[in-house]
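For reference, the structure is listed below as structure tokens.
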Amino acid sequence: MCAEAVDLARAAAEEAAAPGVVGEHAGVVSEGDRVVTHYFESKEPGYRGWRWAVTVARASRAKNVTLDETVLLPGADALLAPEWVPWSERLRPGDLGPGDLLPTEAEDPRLEPGWTGEDEPPPNSIVSDELAELVDAEDAELTDRPVAISRGSIAAVADELGTRRARVLSRYGLYEAADRWDEAFGPKTPMAQAAPATCVSCAFLIPMAGSLKQAFGVCANEISPADGHVVSLAYGCGGHSEAAVMPAPVRPADHALDTMRVDEYALRPERDGGSVPPEADGASEDLGHS
């Protein structure tokens, strides 16, 4: 009786769907005792390969078939949307624009506490409850307002020592940043492979502070493709300060030709001007030549 209730299943599918989108009956599948599912083709635009599934059932010793549920399900060759990815994993460098707020997780492995103690973080801290509520509110507006800090607290001492940050980069965060910078401007890039020297000997390199100064610096050469970027000390480019030091131009010697005087030259040499006399010395002895 459930397998024969095609008209009941079609009526339920047409009631749930838009008019004219329920196609031909595509089969029936038994789900258990007195429970079957009827499938109908879907003509809904954008849902290629999907099917309307209507499940009907009949109670024990009952004479009527009742409707259980109606749902649109994908088939074997259905057109499906890509798998959903959380927003935190979809973000890419450059996606953050003016006014956007990107909160970090409380247990972010890239960060670690800037100081220890029992005091609560300051109200403008990235781990405070106040900022968490502002992030959840869609119409939140962050304003620069003075933050009251109780005297003698850990936050007040940290502020006086210049370490006001609630969290700092952890060792994992430092390694992750170093790998990212080394991939962009490191010794394995084509530019560095063809460079005449490395950045460690370049005058345009601005050293960094902290533990990363042993491997990285900031390029200050406006001609270099890495200008304003963090570069590895093993990186290099054609804009190296010592790559093409031009020697001082050589001062040419004075011209030896005197152009202020005209020299006169005879067309034929004078008769008494050469080393060979123009006339023979007289009769010479016979040398036996023919």
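The values are calculated or read from the model by the stated rules, or taken from the named source; none is laboratory data. Small disclaimer: the values here were computed from a predicted structure and weren't measured. Glycine gets a Cβ as well: all are built from the backbone with ideal geometry, and neighbour counts include every protein chain shown. Ligands, DNA and RNA are stripped out before the accessible areas are found, and what is left, the full protein with its side chains, is counted by its heavy atoms. Shrake-Rupley method; radii C 1.70, N 1.55, O 1.52, S 1.80 Å.
Checking the condition of a type outside the set (A, V, I, L, M, F, W, C), surrounded by 11 or more Cβ atoms within 10 Å (Cβ to Cβ) and at pLDDT below 85, which residue from 90, 51, 58, 110 passes?
When all the criteria are applied, what remains is 110.
Take the residues in the stretch 183-231 that are polar (S, T, N, Q) and not in a helix (DSSP H, G or I), then tell me which one is most open to solvent (accessible area, probe 1.4 Å).
Let us first name the residues in the stretch 183-231 that are polar (S, T, N, Q), namely 189, 193, 198, 201, 211, 214, 221, 224.
Then keep just the ones that are not in a helix (DSSP H, G or I); that gives 189, 198, 221, 224.
Numbers: 189: 21, 198: 55, 221: 15, 224: 11 Å².
Selected residue: 198.
Just one of 215, 178 is touching a residue at least 12 places away in the same chain (Cβ under 8 Å) and over 21 Å from residue 92 (Cβ atoms); which is it? Quick ask: steps written out before the conclusion?
On the way: 178 fails: over 21 Å from residue 92 (Cβ atoms).
After applying the criteria, what remains is 215.
All but one of (1) without any contact (Cβ under 8 Å) to a residue 12 or more places away in the chain; (2) surrounded by 10 or more Cβ atoms within 10 Å (Cβ to Cβ); (3) among the aliphatic types (A, V, I, L, M) hold for residue 81; state the number of the condition that does not hold.
All conditions are met except number (2).
Filter the stretch 29-48 down to residues that are over 24 Å from residue 79 (Cβ atoms) and aliphatic (A, V, I, L, M) and give me whichever is surrounded by the most Cβ atoms within 10 Å (Cβ to Cβ).
Here is the first cut: in the stretch 29-48, the ones over 24 Å from residue 79 (Cβ atoms) are 30-36.
Next, only the ones that are aliphatic (A, V, I, L, M) stay: 35-36.
Values: 35: 14, 36: 22.
Taking the candidates together, the pick is 36.
Residue 82 - would you say it is at pLDDT 80 or above, under 25 Å from the mean Cα position of the chain (by Cα) and not hydrophobic (A, V, I, L, M, F, W, C)? Spell out the reasoning first.
Values: at pLDDT 80 or above: yes; under 25 Å from the mean Cα position of the chain (by Cα): yes; not hydrophobic (A, V, I, L, M, F, W, C): yes.
Yes, satisfied.
Right, residue 20: surrounded by fewer than 11 Cβ atoms within 10 Å (Cβ to Cβ) and closer than 30 Å to residue 184 by Cα or not? Break it down into steps so the answer makes sense when it comes.
On the way: surrounded by fewer than 11 Cβ atoms within 10 Å (Cβ to Cβ): yes; closer than 30 Å to residue 184 by Cα: no.
Criteria not met by residue 20.
Quick check on this structure: which one of 243, 234, 280 is modelled with pLDDT under 75, in a loop (DSSP other than H, G, I, E, B) and open to solvent by less than 100 Å² (accessible area, probe 1.4 Å)? Give the steps one after another, and end with the answer.
Values: 243 fails: modelled with pLDDT under 75; 234 fails: modelled with pLDDT under 75.
The conditions single out 280.
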